[in-house]
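Each remark here refers to the structure printed beneath this line.
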Amino acid sequence: MQRRGAGVQLVRKVAAIPGATIRPLEVARARLDATRELDRFEREKADFFFATRNEYLRRAAEFPQRFRVIDSTRSIEDIQRELADIVGKLA
């Protein structure tokens, strides 16, 4: 598996997975359970996650009708309400 050179292609693959999300690095790391062993994805260096996030933000700016940027630093309840509102508008 190619690492850094495949960043954009990896973002596209992840984006194609229904329900896939990428959270800001700080939030994702904070939500990990420190009592378990990290998997291969979680062991990636910060530059991988920053590059992936930046690609999603670029795509959101380029295709605002297809992407929504969700502030995941808020409470899970607030995020769920926002997601429900977004999904409700799709129906």
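The values are calculated or read from the model by the stated rules, or taken from the named source; none is laboratory data. Please read these numbers as outputs of a predicted model, since none were measured by experiment. Counting neighbours? That spans all protein chains shown, and the Cβs are built from the backbone with ideal geometry, glycine included.
Condition first: part of a loop (DSSP other than H, G, I, E, B) and at pLDDT 80 or above. Can you find one or more residues in segment 4-20 that meet it? For segment 4-20, residues part of a loop (DSSP other than H, G, I, E, B) and at pLDDT 80 or above: absent.
Residue-by-condition table, conditions (1) exposed (fewer than 13 other Cβ atoms within 10 Å of the Cβ); (2) among the β-branched types (Val, Ile, Thr); (3) over 11 Å from the mean Cα position of the chain (by Cα); (4) assigned to a loop (DSSP other than H, G, I, E, B):
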residue	(1), (2), (3), (4)
Asn54	yes, no, no, no
Arg66	yes, no, yes, yes
Asp71	yes, no, no, yes
Glu82	no, no, yes, no
